[in-house]
Structures are given as C-alpha cells and as structure tokens.
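Engineer: Below is a structure I'd like to ask you about.
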Amino acid sequence: MLMIKNIIKDAGLTFMLGLLFFACSSPGKKDEKSSGQLEQKAQVKTPVFNADSAYHYIDKQVGFGPRVPNTETHAQCALYLESKMKRFGAEVIVQEADVVAFDNTVLKAKNIIAQFNPDKNDRLLLFAHWDSRPFADHDADASKHNSPIDGANDGASGVGVLMEIGRQIGKAGIDMGIDIIFFDAEDYGQPDHLDLPYKEHTWCLGSQYWGKNPHRDGYYARYGILLDMVGAENALFFQELHSLQYAPELNQHVWNIASDIGYGNHFVFEKGGMITDDHVYVNKYRNIPCVNIIQFNASSESSFGDFWHTHDDNMSNINRATLKAVGQTVLETIYRER
Ligand SMILES: [Zn+2]
C-alpha cells in the first residue's frame, strides 16, 4: 500500500456506540428496569480466537514462498487458501482477473471469496490481501531490491487472522452473512527504488477489479473491515484517515470494542496516516463503509515499521499477542451485530 504522509495527532472522539436493547423483566417480579430503560447487551457468544492457529496459517502461506502473481508458488497458495476456506464451511468463489501492473505486465490475479451464510442478504465483509510484494524496495541492501519478500506481516498476517476467524465461524455458526475476501495484486505497486514518475492506482489491483466487477451483482455489505500488517510485536493501530472519512462511527465502534475487551494497548484513539489500501476501492466502487486496521508507527521512516518492504518481513517478526488482539476484536465486533 501507499502511505501518504499526513500525520495529524490529536485526541480521538470517544463517544460510545454499542448494541442497546430494551431490558425485560420477568412477570411478577418488581420491575427494577422499567420498560424503555436501555442497557448494554451483555451476552454475546463470541468464539475464542486461537492465535497459534492464525500463526500456523501465516507460516503455511510464507512456506509456499513469495505469493507474486504469475508464479507457481502463488498458484499453489491460492489452492491452499481456497481448500482451507471450503473446509471451514464457506462457499468459495475464486474470481480470476487479468489486471495490468504499473509496468504493463498482465497479472493473472485471483480474488478468493469465502461466503458464510451465502443466502443472507444482510452481510459483513472482512478482507485482506494475500499476494506478497515482488520487490524489496526499502531493503538496506540495494542488490536485493528486485527480489520478492516473504510478506509474513505484509499480506500473510491479515489472511492468517481471517482464516482463523473463518474457522471459528465455521465451528460456531453466526447469524449474519459473512464474506471473507482475500484480494490479490495489492502489493504490485510502483516500486520506490526505480524512481518512476508518480502514477495513480498502481496498487490494490485485485480490489479495484472486484469493486467494478463484484462476485454478485449489486453486492453490498453493512460494512467492511480490512486487516493489513496485523502481526508485528507491539503493533499500534491508529485510526487511519480514509477510514475516519468513510466510516467514522464504525472506526470508533471497533476501537471501543478493542478497548472493552482489553486490547486498548494496541488500538490507539488517535489519527494515523492516510493510506491507499484495498478499503479505498471497496468504499469507492461499492459504497461500503470500511475501516483499515493497519500498523502505524510514526517514528519509523516508512510509518509501517522498519521491516516494511524489506527481506526482514519474515516469520521472526510475527507475534501471537498481536494476532490475538486483532482477531479477538474483529470476532467480537461481528458477533455483536444483530
Ligand atoms: Zn506492502
């Protein structure tokens, strides 16, 4: 994804959203909660997110090798993702698309779309990119700029967390319709080391295609949550600026839930950067309000941590506590929906 340097730090709004319902009292009992009184819904059956499992799914993806479109390792990983999501009980569509990269390479992209409760109209969308970057344009060793990275954090972490969420949904069931989409060709954007003139829209090619050609005519979801770079130790998730523009209430809602369930150390109520990522195109083309849960590190040069787009983006930087914080927060969010 592309970072547009735009760091504004101020305190976030802290209004509470939450699912409210009218309290009922049993007949004959002194009515302490008169009708009309509101209280927060307390009983939400949210499955327990297993970070070991998510870690394993990340390790498996990285184990295939780089997931760069038009390569054999990419094709193998696509089959793995498709078969796992089917095993978790999803109805899976692999959307194949020819998309054109910044250098006019035609990429044979595959968007992997896993649908739970496909017949329900009322849907939520969770997404991440599954491809890995063909360049290491931020690596300190310039001789390695043109070799593909592992993308353990940048790509595989979001997918691994969503796979574990899919597994939990498959086991527990869920009332809502849920779509988990792994978008392809997100990270084939114009590399910085080539110093090319700026060209718009070279990132997020899979989500751009899907946005214009959704797997179902007129596809809509109540909202979307994007996970990107959600595996680094002590990762901080600031509120991304496109997300605040498109979906300010959802952003507060998700951050409030994280705080409620004990992950406020990762989810920071402050503004982060403005990031061109898949959520921009899902919002733009499908008009679905989306938030991006993405690491933001104001002190590192890239804002995404020192190993971003380098060969150090490997399994040694994947941390189970961070996976748990993100995975449990997203599960809690979708299981509170009614
Ligand atoms: Zn990237």
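The values are calculated or read from the model by the stated rules, or taken from the named source; none is laboratory data. Bear in mind that the values here come from a model prediction, so they are computed numbers and not experimental data. With ideal geometry, Cβ positions are generated from the backbone for all residues, glycine too; neighbour counts draw on all protein chains shown. When the accessible area is computed, the model is the full protein with side chains, heavy atoms only, and any ligands, DNA or RNA have been set aside. Shrake-Rupley method; radii C 1.70, N 1.55, O 1.52, S 1.80 Å.
Engineer: Looking at Val161, Val106, which is the one that is of a type in the set (A, V, I, L, M, F, W, C) and open to solvent by 20 Å² or more (accessible area, probe 1.4 Å)?
Structural biologist: Val106
Engineer: Any idea how many residues of region 137-162 are at pLDDT below 95 and within 11 Å of the ligand (Cβ to nearest atom)?
Structural biologist: Selection size over region 137-162: 2.
Engineer: Could you check Asp277 against (1) over 14 Å from the mean Cα position of the chain (by Cα); (2) within 16 Å of the ligand (Cβ to nearest atom); (3) modelled with pLDDT of 95 or more and say which number it fails?
Structural biologist: (1)
Engineer: Considering only region 233-251, state which residues are within 16 Å of His279 (Cβ to Cβ) and of a type outside the set (Phe, Trp, Tyr).
Structural biologist: The answer is Gln239, Glu240, Leu241, His242, Ser243, Leu244, Gln245, Ala247, Pro248, Glu249, Leu250, Asn251.
Engineer: So which residues in region 293-310 are more than 13 Å from the ligand (Cβ to nearest atom) and either in contact with a helix residue (DSSP H, G or I) (Cβ under 9 Å, 6 or more places away or on another chain) or part of a helix (DSSP H, G or I) (or both)?
Structural biologist: Within region 293-310, Ile293 is the sole residue that qualifies.
Engineer: Related question: Return the residues of region 88-127 that are acidic (Asp, Glu), part of a loop (DSSP other than H, G, I, E, B) and within 16 Å of Thr202 (Cβ to Cβ); say none if nothing qualifies. Quick ask: steps written out before the conclusion?
Structural biologist: So the first thing to find is which residues in region 88-127 are acidic (Asp, Glu), and the list is 91, 96, 98, 103, 119, 122.
With the extra rule that they be part of a loop (DSSP other than H, G, I, E, B), the set shrinks to 103, 119, 122.
Result: Asp103, single match.
Engineer: Something else now. Only residues that are among the polar types (S, T, N, Q) and open to solvent by 10 Å² or more (accessible area, probe 1.4 Å): list them for region 126-153, please.
Structural biologist: Ser143, Asn146, Ser147
Engineer: Going by the structure shown, is Ser132 within 16 Å of the ligand (Cβ to nearest atom) and either in a loop (DSSP other than H, G, I, E, B) or out of contact with any helix residue (DSSP H, G or I) (no Cβ under 9 Å at 6 or more places or on another chain) (or both)?
Structural biologist: yes
Engineer: On to the next question. How many residues does region 301-338 hold that are of a type in the set (Gly, Ala, Ser) and open to solvent by less than 10 Å² (accessible area, probe 1.4 Å)?
Structural biologist: The total comes to 4.
Engineer: Within region 45-104, work out how many residues are among the acidic types (Asp, Glu) and closer than 20 Å to Pro148 by Cα.
Structural biologist: So the answer is 3.
Engineer: Something else: With the requirement that a residue be buried (at least 18 other Cβ atoms within 10 Å of the Cβ) and assigned to a helix (DSSP H, G or I), what does region 65-79 give you?
Structural biologist: His74, Cys77, Ala78
Engineer: OK, next. Within region 275-289, which residues are under 22 Å from Phe64 (Cβ atoms) and either among the aromatic types (Phe, Trp, Tyr) or surrounded by fewer than 19 Cβ atoms within 10 Å (Cβ to Cβ) (or both)?
Structural biologist: none
Engineer: Here are some conditions: (1) in contact with a Ser or Thr (Cβ under 8 Å, 6 or more places away or on another chain); (2) closer than 30 Å to His201 by Cα; (3) surrounded by fewer than 22 Cβ atoms within 10 Å (Cβ to Cβ). Asn292 meets all but one. Which one does it not meet?
Structural biologist: Here Asn292 meets the rest and fails (3).
Engineer: Determine, yes or no, whether Val254 is touching a Leu at 6+ places or on another chain (Cβ under 8 Å) and modelled with pLDDT of 95 or more.
Structural biologist: In short, no.
Engineer: Among the residues of region 185-200, which ones are open to solvent by 80 Å² or more (accessible area, probe 1.4 Å) and closer than 29 Å to Val94 by Cα?
Structural biologist: Selection gives Lys199, Glu200.
Engineer: Can you tell me which of Asp119, Asp98 is of a type in the set (D, E, K, R), open to solvent by 10 Å² or more (accessible area, probe 1.4 Å), modelled with pLDDT of 95 or more and touching a strand residue (DSSP E or B) at 6+ places or on another chain (Cβ under 7 Å)? Steps first, answer last, please.
Structural biologist: On the way: Asp119 fails: touching a strand residue (DSSP E or B) at 6+ places or on another chain (Cβ under 7 Å).
That would be Asp98, the only listed residue that is of a type in the set (D, E, K, R), open to solvent by 10 Å² or more (accessible area, probe 1.4 Å), modelled with pLDDT of 95 or more and touching a strand residue (DSSP E or B) at 6+ places or on another chain (Cβ under 7 Å).
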